[in-house]
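Data block below; observations after.
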Amino acid sequence: MSPLKPHSLTERNLIENCLQGDRSSQRALFDMYAGKMMTVCRRYGRHQAEAEDMLQEGFIKVFLNLEKYGSSGSFEGWIRRIMINTALKSVSKKSFQNESLGIESYQLNESKEEPTVMSKLGVDELMALVAELPDGYRLVFNLHAVEGYSHREIGEALSIEESTSRSQLVKARRLLQKRITELNELRYEAS
Amino acid sequence: MNSDMKQVDKYFKDKLHQHESAVPADMWDRIAPALEEKSDKVRPIFWLLSSAGLIMVAGLLALLLSGEQVDNEAGIIEAEAMPISQGLTQHIDTDQIAATEETATQSENVEAVFNNDLASIDEVRNILSETASNSIQKEAATTNAKPAPTPGTTHNASVPSFVNHNASPQLTNTEQGNREFKLVITESHFAGKEKISNENTKITISKETKRYLLGIKGLELPTAKVENTDNPIGGIKLFGSKAPQCPSFIDERVGFFIDGYLSHDYAMKSYSGNQSYSNLRQQTESSLYSYGAGVRFSYFLGKGWGVRSGLNYSQVNERFAYDDPNSKTTKTILEVEVNEVGDTISVSQKIVEVEGRHTITHSNKYHFIDIPILLFYEFSLGDSPFYFSANAGTYVNLMFEQSGRYLSPEGNPVEIAGDDEYPNQYNNTAGVSLYASFGVHYILNKNIDLILEPHVMTQVNSITRSDSDLEERFTSFGLNTGIRYKF
């Protein structure tokens, strides 16, 4: 468990002012974290419009429930969890389950390719690769690989079995690897 | 391969976890209105509470400070002609009734009183008492006396006849030694030899009590009008072969009453929405004894009808019980080795984990503050000290708070108040509920009644947010026990 980081005076003051309804402090807090949370929402959303809706709804929940922030952990971590929960709710579980059933028809190539060098890919390209994933793959990959949740926690959050979470992660990684390989090949040919 | 896959994870995490993306310029403008709406929602509740409190305080003050002024000059004596009854006819025998000098004097006194609408009740009482007390001794002397004929009339000498003036009263007693006397005003008309009609006049004496708000004349409150036609005045019973029926006090009640009560309830929760989640919640939540308390002001509109309002607090209690299948119990095992004589040789400690079930229980509480707005009808059956009320209307919720635990859709026990993972699913207010009851009241004394009122109440709208996974509503059955104070 990482040690608790002391709050900066600026952030603590902002939070206190927000609790008293100070609109300018709310705006300042939003500006501090909106960029990072936009990235979170873009990773979970299927498209830009959905990501913006998640961001809007997530920040509304942050400010309406600010009194529940107990100051015992990272404020960024608290906001991030709210954003993720908001994102998971907006992604229809039914469509997720349909996707997860349809995954089998993908017929992924059980490739034995060597790991691809990914260092040439920019953030936007990586985001685009994640967005291309089917809903189920994308959610599991984001929650495990990027956020660091365990498969048990992912299973509880998405109402799926732990084993399903593991298998979908493997498939997500393989699909990403395949797409990265294709991108690099295209670049090599272009050069 | 596994390490390669983890490298993929690490690469994506390093690149994306702390990356800041461009945010649309108008994003804050989309968020701010929702925050304004929340602060606006708080104010109406505050003003509602304040208004309700002010109204109740004003009502209490008005009742306490309202002056009761009895206007002694408002005594009204009304006369109503009614047919003579068969029974009474026997007591009025024209042979026995005679206009004696003394009786005429008494008749004149009563006539004078009778014609004066503004005479005080006490004056009438005194005159009638005097007249009645004298009539017993006078009757024997007047039995055989014949009435003096009135000029202008003809009569048959064999048939005693007389004509009384319209307002000439005759006084007679019914039984010697009986303390009841009847004031009879007779009017008989004779045409030829036959008696055409006998009429007797009933005297109705009523006293009007005026009530004024804050003692200010002109701000008159509804008054109680008491009609005293049966045994009202100094033991003298007014005319009537049958005792006049007691006026219903229900019909005559006006003004304000205040009820204070405790409520003993049992509330059942209904769920609708996701069926599997609904089943999960029903298995883990059960109703417990619930209770409430309140104050109600009643205002009578007349004929037993009226309206009620006030303030009601209720608490619904619920038990949450959940068996955690993933729980583990840690057990510490001490192994003690002893020799033949019982001496301890060695002690070792071993800690083992045993997979088992752990029951998580919690007391859930739902607090409501409501304003009841009810229409009622009260009625009595006969002269018993019991009367009954039928009440129906709505309860408007001002405040709704919850505490405790329930299962999330994922099957995890979470706090009702909400946390990072699963926000609060309930609304700030519970909306409107429908209420119906049937009350039994017992009159303890002139100011206090006891109340026993079984009731049923059901919520119209779901108490959960529109985006929650389930709709929930309470239906409660209960019994109010309380007292009524009549000002």
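If you go through the range A:158-171 and keep only what is open to solvent by 40 Å² or more (accessible area, probe 1.4 Å), in contact (Cβ under 8 Å) with a residue 12 or more places away in the chain and at the interface with another protein chain (Cβ under 9 Å from one of its Cβ atoms), you end up with just A:159.
Out of curiosity, is residue A:49 more than 7 Å from chain B (Cβ to nearest Cβ) and assigned to a helix (DSSP H, G or I)? Show your work before the answer.
Values: more than 7 Å from chain B (Cβ to nearest Cβ): yes; assigned to a helix (DSSP H, G or I): yes.
Answer is yes for this residue.
Scanning the range A:101-157 for residues that are open to solvent by 60 Å² or more (accessible area, probe 1.4 Å) and at pLDDT below 50 returns A:101, A:104, A:105, A:106, A:107, A:109, A:110, A:112, A:113, A:114. For the range A:60-81, taking the residues that are facing another protein chain (nearest Cβ under 7 Å) and within 20 Å of the chain's Cα centre (by Cα), the one that is most open to solvent (accessible area, probe 1.4 Å) is identified as A:81.
Hey, among B:348, B:309, which residue is modelled with pLDDT under 90 and either polar (S, T, N, Q) or open to solvent by less than 60 Å² (accessible area, probe 1.4 Å) (or both)?
Numbers: B:309 fails: modelled with pLDDT under 90.
The match here is B:348.
Picking from B:301, B:262, B:280, which residue would you name as being among the hydrophobic types (A, V, I, L, M, F, W, C) and modelled with pLDDT of 90 or more?
Numbers: B:301 fails: modelled with pLDDT of 90 or more; B:280 fails: modelled with pLDDT of 90 or more.
Every option except B:262 fails the conditions.
For the range B:377-487, the strands (runs of 3 or more DSSP E) that sit wholly inside it and include 3 or more residues that are in contact with a Pro (Cβ under 9 Å, 6 or more places away or on another chain) and open to solvent by less than 50 Å² (accessible area, probe 1.4 Å) are B:386-403, B:432-443, B:470-486. Name, by its number, the condition in (1) modelled with pLDDT of 85 or more; (2) more than 10 Å from chain B (Cβ to nearest Cβ); (3) open to solvent by 20 Å² or more (accessible area, probe 1.4 Å) that does not hold for residue A:8. Just one mismatch for residue A:8, condition (1). The listed residues are B:411, B:439, and the only one of them that is within 13 Å of the chain's Cα centre (by Cα) and touching a residue at least 12 places away in the same chain (Cβ under 8 Å) turns out to be B:439.
Contact annotation: residue pairs with Cβ atoms under 7 Å, 6 or more positions apart or on different chains, pairing a residue in the range A:128-151 that is within 11 Å of another protein chain (Cβ to nearest Cβ) with a partner that is part of a loop (DSSP other than H, G, I, E, B), are A:141/A:133; A:146/B:17. Just one of the numbered conditions (1) part of a helix (DSSP H, G or I); (2) at the interface with another protein chain (Cβ under 8 Å from one of its Cβ atoms) is not true of residue A:21; which one? Against the list (1) part of a helix (DSSP H, G or I); (2) at the interface with another protein chain (Cβ under 8 Å from one of its Cβ atoms), residue A:21 comes up short only on (1).
Suppose the filter is closer than 18 Å to residue A:18 by Cα, surrounded by fewer than 17 Cβ atoms within 10 Å (Cβ to Cβ) and among the acidic types (Asp, Glu); does residue A:57 pass it?
Numbers: closer than 18 Å to residue A:18 by Cα: yes; surrounded by fewer than 17 Cβ atoms within 10 Å (Cβ to Cβ): no; among the acidic types (Asp, Glu): yes.
Against the criterion (closer than 18 Å to residue A:18 by Cα, surrounded by fewer than 17 Cβ atoms within 10 Å (Cβ to Cβ) and among the acidic types (Asp, Glu)), residue A:57 does not qualify.
Scan the range B:286-308 for residues that are without any contact (Cβ under 8 Å) to a residue 60 or more places away in the chain, of a type outside the set (Ser, Thr, Tyr) and part of a strand (DSSP E or B) and the total you get is 3.
Listed by first and then second residue, the pairs with beta-carbon distance under 6 Å, at least 6 apart or on different chains, first residue in the range B:1-26 and assigned to a helix (DSSP H, G or I) and surrounded by 12 or more Cβ atoms within 10 Å (Cβ to Cβ), second modelled with pLDDT of 85 or more and not hydrophobic (A, V, I, L, M, F, W, C), are B:5/A:173; B:8/A:173.
The values are calculated or read from the model by the stated rules, or taken from the named source; none is laboratory data. Keep in mind that what you see is a predicted model, and the values were worked out from it rather than measured. Heads up, the Cβs are rebuilt from the backbone with ideal geometry, glycines too, and the neighbour counts pull from every protein chain shown. For accessibility, only protein heavy atoms count, side chains too; no ligands or nucleic acids. Shrake-Rupley method; radii C 1.70, N 1.55, O 1.52, S 1.80 Å.
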